[in-house]
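In what follows, a single structure is set out as structure tokens and then discussed.
The values are calculated or read from the model by the stated rules, or taken from the named source; none is laboratory data. In this text, all values refer to a predicted model and were calculated from it rather than measured experimentally. Glycine gets a Cβ as well: all are built from the backbone with ideal geometry, and neighbour counts include every protein chain shown. Quick note on the areas: whole protein, heavy atoms, side chains included, nothing else; ligands and nucleic acids left out. Shrake-Rupley method; radii C 1.70, N 1.55, O 1.52, S 1.80 Å.
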Amino acid sequence: MKKIIVPVDFSENSENALQIAAMLAKKHNLALYPLHMLDIQDVSINESVSYQHERTAFYLKLAEKRFKEFLKKDYLKDLEVVPLIKHYKVFSEVDSIASEVNADLIVMGSHGATGLKEFFVGSNTEKVVRYANLPVLVVKNNLTNVDFKDAVVATDFSEESVDAFKNVLKTLDIFNAVKHVIYVNLPNENFKSTVEMQQMANDFYMKVEGNTDRMISTNFICDRSIEDSILSFSNSIGADLITVITHGRKGLSHIFSGSVAEDVTNHAALPIMTFKM
């Protein structure tokens, strides 16, 4: 991991994300790319091309000035900081910008642990999460450190999630985090016996790592709610981070069908890191 990109809209949430990204950059010797999306609405058809260019240049100058002032933070000193200003219409295009600079991680701020319904209802964070091909770390509270020592890795052991699961393990290795894998067995038509769950996990780990050593840290939980189980388990082990795998724009993975990912994100005070399947 070499570069972190942080979308900035000058809000308190984005400044919180910037500060946490700075802590990660210092701890792991990473370059920081703050990104401001300059939103210039389409001009009238009656406006001349020259006026449109002048108008764009004017707003660009204002944005550059404000961005420069915003980045005068003590916590950014001694870091490699590369400010980016892009004229894009939608936040879903953050992924394209991340690809341009070969970023490895996107860090975004969102609201607190409650009242997060808009996270999955058209917010900028939701757009980035759904379209990003690289991991997205969503932070909702101020963190005193970024020592992600214990990470919960929720999985459904599906074959289509193998590559994303490998990416989860690789990323968490960078943080030296202990990985607590959790599978929630629901009392429905997909309910599995202990033997069936173990066999499913065995087959999955053979595809992921070529061995079943990770069975030691795998937790099989029978419960009526996936999201409640993830949150309860995370609290019980004192987790620092929760990871989820998504389908991106196609919807959420099997384990996060319906509103599970939304509910986990809405109610978890912990940082959430998403990985696209």
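Here are a few things to note about the model shown:
- Pairs beyond 28 Å (Cα-Cα), from LYS68/LYS149; LYS149/LYS276; LYS26/LYS276; LYS26/LYS61: LYS68/LYS149; LYS26/LYS61
- When ASP213, ASP173 are compared by accessible area of protein heavy atoms, the largest-first order is ASP213, ASP173, using a 1.4 Å probe.
- Couplings 3J(HN,Hα) of the range 218-230, computed from phi: 9, 10, 9, 10, 9, 7, 8, 9, 5, 5, 5, 5, 4 Hz, in residue order, whole Hz [Karplus 6.51 cos²θ - 1.76 cosθ + 1.60, θ = phi - 60°; x for Gly and Pro].
- The figure for HIS28 is an accessible area of roughly 50 square angstrom, using a 1.4 Å probe on the protein chains alone.
- Rough spin-label spacing in nm, given labels placed 7 Å along Cα→Cβ, for ASP203 and ASN141: 3.9
- Relative packing of peptides 126-133, 71-78 - highest average C-beta neighbours within 10 Å first: 126-133, 71-78
- Amide H contacts under 5 Å for ALA132: none, restricted to partners 5 or more places along the chain or on a different chain, H placed in the peptide plane at 1.01 Å from N.
- Per residue, the solvent-accessible area of the range 147-204 (1.4 Å probe, heavy atoms of protein chains only, all protein chains present) comes to 47 Å².
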